[in-house]
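One structure below.
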Amino acid sequence: MTVNYNRVASTSKPWTFFTLLLKWKGSIWKAVYLELIIFLCIYEIIAVVYRSVLNTEQQRSFEAVVRFFDNRLSYIPLELVLGFFCTQVFNRWNKQYDNIGFIDNIGLMTALYVRGKSERARMYRRNILRYCELVQVLVFRDISMRVRRRFPTMDTIVAAGFMLPHEKDIYESYSDTGDTPKYWIPASWALSMTYEAWKHGHIENAYYKVTLQEEIRKWRTDLEWVFNYDWVPLPLMYPQVVCMAVHLYFLVCIIARQQIVFDHELKNEIDTVFPIMTTLQFVFYMGWMKVIEAVINPFGEDDDDFETNALIDRNITMGMMIVDEGYDRPPEVRRDPFWNEIHPLYSEETSRIP
């Protein structure tokens, strides 16, 4: 489930974002704690071996290795790799969210243009809406594991009411050459339904028909883009480079950030067995990479991934309410309270806010 913190961060106060640090679900702590524990365990084991097991000559050789890696640690361009990749991933995330699909516009335009209170007119409106939502269900079923588990077979889609048994037979009768997705079929049904409604006089003119069809076309196109982003991800080499850069960087840090002892005395240094600054760096950089991992596929099962099942439920519920209960029920036209004078009203509490 998406972690919402907007209410906590509704005001800008010194402690606002510190309260966010205390959250666990979807947090950086949950993302990096396992790798951090492994990193610190290996670091401390090497530190104990260096200080207690190695003889003086072996310690000097180990210290030379530490200096070698520490002087060349900057050769790994971590900030550049992470920053550029993060930008690309978030651009894709934004575009997928923009196209994920909220069915309100189709419902409103269907209720506006498909007129009539007869049972047939009602069926036109409801079926147009249901076919459009069926497109989303079929797309999400192929890109989201949550939806796939909810609808493992076409029979479960029928049982859930998104498709009727005879529609399933028609859907499966189409050839599946090359395992090509058939998301276009329910979109075609919805478009055909608008034409049939227009032909029987439930849509007043061709302009309204075309306008509604254009909205359905846009709905299908947006969902096609969502599928295409899943079908064609970023080149595999890109996340490989990022993952390798971050993990190799901290693998080198296990040696490069060891505290060196000179003649078994630390000169002008605090003897820190625990790598404080390296740990902070690990949390920031590894956390940065975990953010990328979380948003590179927003249809996965991470804490902050898209709520696809909730969106399907919301769309079918809201859409049916718009085209059915909300059809042709405007309130009686009366004078509004601002007819002669406009005096905006504030509550007593709100009026005291400067």
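Yes/no matrix, rows are residues, columns are (1) over 27 Å from Thr211 (Cα atoms); (2) among the charged types (D, E, K, R); (3) crowded, with 23+ Cβ neighbours inside 10 Å:
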position	(1), (2), (3)
Tyr124	no, no, yes
Arg146	yes, yes, no
Arg149	yes, yes, no
Pro152	yes, no, no
Val158	yes, no, no
Pro165	yes, no, no
Lys168	yes, yes, no
Tyr171	no, no, no
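If you check Glu293, Glu301, which single one turns out to be modelled with pLDDT under 90, within 32 Å of the chain's Cα centre (by Cα) and under 16 Å from Glu35 (Cα atoms)?
Within the list Glu293, Glu301, the selection yields Glu293.
Could you grab the pairs with beta carbons closer than 7 Å, sequence gap of 6+ or different chains, first residue in the stretch 257-286 and of a type outside the set (Ser, Thr, Tyr), second one modelled with pLDDT under 75?
Within 7 Å, the pairs are Gln259/Asp271; Gln259/Thr272.
Could you identify the single residue in Ile28, Ile42 that is at pLDDT 90 or above and out of contact with any Ser or Thr (no Cβ under 9 Å at 6 or more places or on another chain)?
One residue alone meets the criteria, Ile42.
How about the stretch 148-263: which helices (runs of 4 or more DSSP H) wholly inside it have at least 3 residues that are more than 20 Å from Phe102 (Cα to Cα) and not aliphatic (A, V, I, L, M)?
Result: 165-173, 184-199, 206-231, 237-256.
So, in the stretch 87-103, exactly how many residues are assigned to a helix (DSSP H, G or I) and not aromatic (Phe, Trp, Tyr)? It would help to see each step written out before you state the result.
Restricting attention to the stretch 87-103, the residues satisfying the condition of being assigned to a helix (DSSP H, G or I) are 87-98.
Next cut, not aromatic (Phe, Trp, Tyr) only: 87-89, 91-92, 94-96, 98.
Count: 9.
Enumerate the pairs (first residue in the stretch 228-240 and surrounded by 12 or more Cβ atoms within 10 Å (Cβ to Cβ); second residue anywhere and aliphatic (A, V, I, L, M) and not in a helix (DSSP H, G or I)) with beta-carbon separation below 8 Å, excluding pairs fewer than 6 apart on the same chain, so at least 6 apart or on different chains.
Pro233/Ile296; Leu234/Ile296; Pro239/Ile296
So how many residues does the stretch 29-86 have that are more than 28 Å from Val261 (Cβ to Cβ) and outside any helix (DSSP H, G or I)?
Number satisfying all stated conditions: 1.
Go over the candidates Val135, Val114, Val81, Val89 one by one and state the one that is under 30 Å from Thr153 (Cβ atoms), touching a residue at least 12 places away in the same chain (Cβ under 8 Å) and crowded, with 17+ Cβ neighbours inside 10 Å.
Val135
Is there a residue in the stretch 21-44 that is without any contact (Cβ under 8 Å) to a residue 24 or more places away in the chain, β-branched (Val, Ile, Thr) and over 27 Å from Met237 (Cα atoms)?
Within the stretch 21-44, one or more residues are without any contact (Cβ under 8 Å) to a residue 24 or more places away in the chain, β-branched (Val, Ile, Thr) and over 27 Å from Met237 (Cα atoms).
Answer with yes or no whether Trp219 is of a type in the set (Phe, Trp, Tyr), more than 26 Å from Leu40 (Cβ to Cβ), modelled with pLDDT of 90 or more and surrounded by fewer than 18 Cβ atoms within 10 Å (Cβ to Cβ).
No: the conditions fail for Trp219.
Which of (1) part of a helix (DSSP H, G or I); (2) within 33 Å of the chain's Cα centre (by Cα); (3) exposed (fewer than 14 other Cβ atoms within 10 Å of the Cβ) does Lys13 not meet, given it meets every other one?
(1)
Which ones in the stretch 325-354 are of a type in the set (A, V, I, L, M) and either more than 26 Å from Ala111 (Cβ to Cβ) or in contact (Cβ under 8 Å) with a residue 12 or more places away in the chain (or both)?
Once the filter is applied, which keeps residues that are of a type in the set (A, V, I, L, M) and either more than 26 Å from Ala111 (Cβ to Cβ) or in contact (Cβ under 8 Å) with a residue 12 or more places away in the chain (or both), the stretch 325-354 yields Ile342, Leu345, Ile353.
The values are calculated or read from the model by the stated rules, or taken from the named source; none is laboratory data. If you're wondering where the values come from, they're calculated on a predicted model, not measured in any experiment. We place every Cβ from the backbone using ideal geometry, glycine too, and count neighbours over all the protein chains shown.
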